[in-house]
Every structure is written in C-alpha cells, then in structure tokens.
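Accompanying notes for the structure given below.
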Amino acid sequence: MDKTAVENDEDVAGSPVDLSDEPLVDLSDVRHAGAMSPDEDPVALLEGEVRSLKDQLLRAMAETENVRRRSQREREDSVKYAAASVVKDLLGVADNLQRALESVPAELAAENEQMNNLRLGVEMTQKELLAAFERHNIRLIDPLGQKLDPHQHEAMFEIEDPEKPTGTVIQVIQPGYRLHDRLLRPARVGISKGGPKTAASGGGTAGSGGAEPGDTVDTQA
C-alpha cells in the first residue's frame, strides 16, 4: 500500500469536521411548519385571531359597563332608602297621633277649652309630621273607596254590602306608607262582598281563595 495514501487516510480520520459553513435549521420554522399546512392562508389566520380578540375585548367592556351600572344603582338606592328603618319606627308615632284625635271628637272637645286646645295641639303635630313625610317622599296610602290592590293593601275582613262592587275598600283600619316607590307598610283594610263583581276582582278578596292577613306582596326593590 502506498504510504502517502495511508497518511492521507489517517489525516481524514483524525481531523475534526468543520460545520461552520453548513446552513443552520430555524426551529421557529419547524414549529410553524407543524402548525400550519401549506394550504392555509396566514393572512386569514391573523384575521381570525383579530376577530377573536376583538370579540373578547367587547365582552370585557360590556361586563365592565354592567358592573359600573349595578354599582351606581346600588349607591343610589342606598342613599334613596337610607332612612327606611327610621321612617318605619316613626309610622307608629303617626298612628298614635291619629288615635288620639279619634278618641276625642271635635264636638266633644268644643265643649271644653282645655280639651279643645289639647286636641288642636295634637292635630297640628300630626300635620307637621305628615308634612315632613311629604317633603321626604313618604306617601300616605289611604285607599278608602278604591279597589283592593294586594300589592299595597292587606284585607283583614269582609263586610256584606250589595251596593259596593266586591273587593272595594270600605274601611281603613290602618293607613299604609310608601318611601319613593318602595312599600314600607301595606294599608290594612276591610273590603266589601256581595255586590256586583268587577272584571279583575278574582284573587283580590279576603276569605276563601282571597287575601288573608300576611298575604300582602312586598314590592321592595
């Protein structure tokens, strides 16, 4: 064997291989090649992604707006009905003033100057209290002569009255009150029966199948 050939073979076998001139493989190209087929349009893919992100953004904006509106409504209601518990306590005062006036008729008070002055003072106090209620949007519910409304009235008993339409309020035992559009207390009433029935009288009377004490619908917001 030629000595020169052997030496050349040894040089080839023992020398390191130089890969500096070899082209490198881009791993990102490999990933993209695996994710997208040759038939897929990259522009269409980007447009679809933009639409998806836009939809997510609109949903997030809508949810944020709903939360803001709910929070604003809750803040307004907390201010609007902040005095509800205090007003409920004052309703008993208004009831007692009315009972005091009813216990001393004007005709009887007129016969005694001191009694008349006392009754006048109670009457003025009641008017001032009701005026204060009115200024703060506390409305009196006095439904005498009206049709029974289970959302505002509580039927306590029925009275035979063939001349009144069935379900008409003919006696108010205790007036009701509202604060703005919220019911504080239903009016307790007596209603008629035995008269002509109204078109919408079903379910609005006391007794069997009708409204009983405690059946009043509370419309609190």
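Observations
- Of all residues making up region 146-189, the number that are within 17 Å of Q98 (Cβ to Cβ) and among the small types (G, A, S): 2
- Checking M115 against (1) closer than 22 Å to R139 by Cα; (2) more than 36 Å from the chain's Cα centre (by Cα), the condition it does not meet: (1)
- Pick from region 54-93, criterion in contact (Cβ under 8 Å) with a residue 24 or more places away in the chain and β-branched (V, I, T), ranking: farthest from R185 (Cα to Cα): V93
- The single residue among Q152, Q114, Q126 that is surrounded by 17 or more Cβ atoms within 10 Å (Cβ to Cβ) and over 30 Å from P196 (Cβ atoms) turns out to be Q126.
- Qualifying residue in region 65-73 (condition: hydrophobic (A, V, I, L, M, F, W, C), modelled with pLDDT of 50 or more and in a helix (DSSP H, G or I)): yes
The values are calculated or read from the model by the stated rules, or taken from the named source; none is laboratory data. Treat the numbers as computed from the prediction; the structure is a model and nothing was measured. Using ideal geometry, Cβ is built from the backbone for each residue, glycine included, and neighbour counts are taken over all protein chains shown.
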